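For reference, the structure discussed in these notes is given below.
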Amino acid sequence: MFEYTRKIREIARKLLEKGTVDVFIGYRKGTVAMMNEPVLIKDPAEVDFLHWDSHCGLNLCNYLTGRTDRIGLVANGCNSRNIVTHIIENQIKREQLYIVGIPCRGIIDHRAVKRAVGNREILEVGEEGESFTVSGKGFQEVFQKKDFLRTNCAVCVHRNPVEYDEMVADPVPELEGVNPFKDVEGIEKKSADEKRQFFTQLIASCIRCYACRNACPLCYCPTCFVDESRPQWVGKSIDPVDTMTFHFLRAYHCAGRCTDCGACERVCPVGIPMRQFTKKLNKDVFEYFGWEAGVRADQRPPLDVYRVDDYNEFVK
């Protein structure tokens, strides 16, 4: 990881000094262990703030929407697919971007690590190869990274960026033989009442803070449907019906667009696995249309076009 960090800093300094970009977007070490933060660098003297390790989990594409300046940024597999989605949806132009590709071996699930140490406060974290060390007052533990990957990273088949101008290292092997929709298939086997109960329990602890929406790179509408008052599409309370309406409608707005980056789950303060909503839609779009979001910049998303041979068995 140190080599990645050194290379990112080197590239960012070069781009800023030569005036190739106006700003460079990356990550810096967070003030809380395992919670690295996005950072925007404009001064070459500040590139040493840039950092990369297995705790860089937020999606940087939130900082691209509607910008007109020239931007350098780091992008692993899912971030690069969101960049492609932003380009397709005319939120940014490809010529504005200098993409520094990150071959990614997965992001660590900070909640799983906290559970493993009995929820003791982690003050420091270090990473060496395929293992990482966490320490706090009176304890130090060494774990294998593969045992603590986020659930989306454990089944990711696009670990390398699909779009880039320069890579910080050689591509890593892509995962093979994984079924990213195994959990969805289990839910599909449930009866209608069991599905309703499953999703009701899934969001029972939701406090409607909208952190998932705010962290999602796809939620860039100037006014979200939940904030509309004329008309008011959904209530503002934590009534179960209003809460379910918010989650289902937000998921449908992401249909054919979600890259399964996991930013929504990472920021949820109560740890709701809300990817269960979007993963079902990802599965349907892939099976019916052969579409994976953000993989190709030269093709319109399936819900953005019409073909006479489109799947239409639902039409009676």
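When you go through ARG150, ARG196, ARG159, ARG208 one by one, which is the residue that is within 30 Å of LYS14 (Cα to Cα) and of a type outside the set (S, T, N, Q)?
ARG159
Looking at (1) over 15 Å from GLY101 (Cβ atoms); (2) more than 18 Å from the chain's Cα centre (by Cα); (3) buried (at least 18 other Cβ atoms within 10 Å of the Cβ), which one does SER54 not meet, given that it meets all the others?
For SER54, the exception is condition (2).
Out of the stretch 268-290, which residues are of a type outside the set (D, E, K, R), closer than 22 Å to SER205 by Cα and buried (at least 17 other Cβ atoms within 10 Å of the Cβ)?
Within the stretch 268-290, CYS268, ILE272, MET274, GLN276, PHE277, THR278 meet the criteria.
Residues are listed down the side, and each one gets a yes or a no for (1) in the same structural domain as PRO217 (by TED's automatic domain parsing); (2) more than 19 Å from PRO217 (Cα to Cα); (3) more than 14 Å from the chain's Cα centre (by Cα):
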residue	(1), (2), (3)
ILE25	no, no, yes
VAL32	no, yes, yes
PRO38	no, no, no
ASP69	no, no, yes
GLY72	no, no, yes
GLN96	no, no, yes
GLU124	no, yes, yes
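If you take the residues of the stretch 143-171 that are of a type in the set (A, V, I, L, M, F, W, C) and under 19 Å from the mean Cα position of the chain (by Cα), which of them is surrounded by the fewest Cβ atoms within 10 Å (Cβ to Cβ)?
By that ranking, first place goes to VAL157.
Return yes when PHE139 is within 30 Å of HIS158 (Cβ to Cβ) and not assigned by TED's automatic domain parsing to the domain that holds GLU3 and no when it is not.
No: the conditions fail for PHE139.
Just the residues that are among the hydrophobic types (A, V, I, L, M, F, W, C), over 25 Å from GLU174 (Cβ atoms) and not in a helix (DSSP H, G or I), please, taken from the stretch 20-63.
Result: VAL21, VAL23, PHE24, ILE25, VAL32, ALA33, MET34, MET35, VAL39, LEU40, ILE41, LEU50.
The values are calculated or read from the model by the stated rules, or taken from the named source; none is laboratory data. The structure displayed is predicted, hence computed values, not measured ones. We place every Cβ from the backbone using ideal geometry, glycine too, and count neighbours over all the protein chains shown.
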